[in-house]
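Student: Dumping the structure here so I can ask a few things about it.
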Amino acid sequence: MKKKIAIHWFRQDLRLQDNPALYHASQHQNVLPVYILDDLNAGENQMGAASKLWLFHSLSSLSNSLNGKLFIANGNPIEVFQNLTQEYEIEAIYWNRCYEPWRIKRDIQIKEQLFSIGIEVKSFNGSLLWEPWQVQKKDGTPYTVFTPFYRKGCLNAPAPRLPYNLPEKLNLCDISNLDANIKKLDLLPQIPWDAEVIKSWEIGEAGAQKCLTTFLEHGIENYKEGRNFPAQQSVSRLSPYLHFGEISPNQIWSACMGREMTDHMDHFCSELGWREFSHSLLYFNPDITYQNLQSKFDTFPWNSDLTLLTAWQKGQTGIPMVDAGMRELWQTGYMHNRVRMIVGSFLVKNLRLHWKHGERWFWDTLFDADMANNAASWQWIAGCGADAAPYFRIFNPVTQGQKFDPKGHYIRRFIPEISALPDKYLFAPWEAPEHILQEAHINLGKTYPLPIVDLKQSRINALEAFKLLSL
């Protein structure tokens, strides 16, 4: 007689603690933990190279936590489950919900097919503080402006649930043909570039908890102001852990609620609220990843010079604050939030390249490449999204650098070839007298690029293009 098995399907919840689906699956006598890489249904939304790298190490950590009993598969999940049901008596499958449109469509089909063959399926909220449908206006429509969404909607909704404890008893299956080989997913780069990129991260559930503890003990005290200064250690860097579910928003929220609610703490909690807002926008606007939320931007005269895009991607624009951000991204898989706004504004306004180019590049290079956050944030900076920054709000990367990196620590870290410049000229090397450049061993156009656009003129051109939308 075959033993009855309950499957827990790991997705964007690569942790054991506060995992609702795993907790409920553990009530069964035998639990088979499964991870399936589904590039088939993902289509153009397959993970980028940086995400795959993080996933490899995250799955390795998770597998170790499960004593090597994580079943690994690659392909269409329904086929994987059907194969398992032919070999074993699968009585139930549990998972935590995901909110990307392609996953929602796929999961509905999987539920229907599993129900049709008599398998119980249960899904849970393991990724958000509030489900998108829980936070709506009084008339039943979704919010399109962040502040009322968070202050009126979220904070007046039922409080987020407390984190689940670690399952008291988790009887993992010993099955004869357990495939736990993560390498077969082909997640690592063909040409090794990953060693340097991951060295500043401890990937996995334990690393996520350490990151949260360090931030709450040392980073939160100056968060509201300090989060704008990229050279300071005043941000949490929790976003990759949140995206892969190595830590849940409920664990973070609960840890915050257990401390004094200062202005800094309130501001940090509102950033968790922005994550909720992004997921709400994606849920109610499933085409947000490619369609302007404000349709008037559909006729915007975007630039088509992709040589400008290449310079931006490589951190070779000749604008130090922009280049430092793009190099931080390339070297660490991460970019400071203030700098994300600066490089985003430069791409869509000074270069007038479509925000989709930036969204795709971030998708491929960010460890925290989350569909909801990525799309909502790029539409925000481009001025075409919900509650967007007005298009005429154009960040000046020179003055932004002078204000938020006044000693040049951030720029000098990522652009060592101009590090010898005095602070006065560090943010705009093209303004430095020739003798200053020579003393710093800088030959503009050779050792460091000349600006690929004139900041003043490109700003004027962007505003003139925007005016055409209002005619």
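The values are calculated or read from the model by the stated rules, or taken from the named source; none is laboratory data. The shown structure was predicted, so the numbers you read here are calculated from the model rather than taken from an experiment. Cβ sites come from the backbone with ideal geometry, for glycine too, and all protein chains shown count toward neighbours.
Student: Checking residue 165 against (1) in a loop (DSSP other than H, G, I, E, B); (2) surrounded by 12 or more Cβ atoms within 10 Å (Cβ to Cβ), which test does it fail?
Tutor: Looking at each condition in turn, residue 165 falls short on (2).
Student: Anything in region 427-444 that is within 16 Å of residue 320 (Cβ to Cβ), out of contact with any strand residue (DSSP E or B) (no Cβ under 7 Å at 6 or more places or on another chain) and part of a helix (DSSP H, G or I)? List them, or say none.
Tutor: Once the filter is applied, which keeps residues that are within 16 Å of residue 320 (Cβ to Cβ), out of contact with any strand residue (DSSP E or B) (no Cβ under 7 Å at 6 or more places or on another chain) and part of a helix (DSSP H, G or I), region 427-444 yields 431, 436.
Student: Would you tally the residues in region 341-370 being more than 13 Å from residue 311 (Cα to Cα) and either touching a Phe, Trp or Tyr at 6+ places or on another chain (Cβ under 8 Å) or not in a helix (DSSP H, G or I) (or both)?
Tutor: Residues flagged as more than 13 Å from residue 311 (Cα to Cα) and either touching a Phe, Trp or Tyr at 6+ places or on another chain (Cβ under 8 Å) or not in a helix (DSSP H, G or I) (or both) within region 341-370 amount to 18.
Student: Output the residues belonging to region 250-294 that are surrounded by 15 or more Cβ atoms within 10 Å (Cβ to Cβ), farther than 14 Å from residue 238 by Cβ and of a type in the set (D, E, K, R).
Tutor: 276, the sole residue that qualifies.
Student: Any residue in region 433-450 that's assigned by TED's automatic domain parsing to the domain that holds residue 421 and modelled with pLDDT under 95: show its pairings with residues that are surrounded by 11 or more Cβ atoms within 10 Å (Cβ to Cβ) and among the acidic types (Asp, Glu) at Cβ separation under 8 Å, as long as the two are six or more apart or on different chains.
Tutor: none
Student: While we're looking at this one, here's another question. Within region 303-323, count every residue that is within 23 Å of the chain's Cα centre (by Cα), farther than 13 Å from residue 343 by Cβ and part of a loop (DSSP other than H, G, I, E, B).
Tutor: 0
Student: Checking residue 99 against (1) crowded, with 18+ Cβ neighbours inside 10 Å; (2) more than 19 Å from residue 38 (Cα to Cα), only one condition comes out false. Which one?
Tutor: Only one criterion is unmet by residue 99, namely (2).
Student: Please find, within region 366-400, the residue that is surrounded by the fewest Cβ atoms within 10 Å (Cβ to Cβ) out of those that are among the hydroxyl-bearing types (Ser, Thr, Tyr) and under 18 Å from residue 453 (Cβ atoms).
Tutor: Out of the qualifying residues, it is 399.
Student: Does at least one position in region 328-349 carry a residue that is crowded, with 22+ Cβ neighbours inside 10 Å, in contact with a His (Cβ under 8 Å, 6 or more places away or on another chain) and in contact (Cβ under 8 Å) with a residue 60 or more places away in the chain?
Tutor: No: region 328-349 contains no residue that is crowded, with 22+ Cβ neighbours inside 10 Å, in contact with a His (Cβ under 8 Å, 6 or more places away or on another chain) and in contact (Cβ under 8 Å) with a residue 60 or more places away in the chain.
Student: If I ask for residues that are assigned to a loop (DSSP other than H, G, I, E, B) and under 12 Å from residue 49 (Cα atoms), which ones from region 188-205 would you list?
Tutor: Passing the criteria: 188, 189, 190, 191, 192, 193.
Student: Let me ask you something else. With the requirement that a residue be exposed (fewer than 13 other Cβ atoms within 10 Å of the Cβ) and either within 19 Å of residue 47 (Cβ to Cβ) or among the aliphatic types (A, V, I, L, M) (or both), what does region 194-213 give you?
Tutor: 195
Student: Just one of 99, 143 is assigned by TED's automatic domain parsing to the domain that holds residue 16 and within 26 Å of the chain's Cα centre (by Cα); which is it?
Tutor: None of the others qualify; the one that does is 99.
Student: Here's something else I'd like to know. Which of (1) touching a residue at least 12 places away in the same chain (Cβ under 8 Å); (2) not in a loop (DSSP other than H, G, I, E, B) is the odd one out, the single condition residue 128 does not satisfy?
Tutor: Result: residue 128 fails condition (2) only.
Student: Would it be correct to say that residue 79 is in contact (Cβ under 8 Å) with a residue 12 or more places away in the chain and acidic (Asp, Glu)?
Tutor: Criteria not met by residue 79.
Student: Can you say whether residue 276 is more than 30 Å from residue 161 (Cβ to Cβ) and assigned to a helix (DSSP H, G or I), as far as the supplied structure shows?
Tutor: No, not satisfied.
Student: Let me ask something additional. I'm trying to understand the selection: among the residues of region 405-426, which are farther than 11 Å from residue 320 by Cβ and assigned to a helix (DSSP H, G or I)?
Tutor: The answer is 409, 413, 416, 423, 424.
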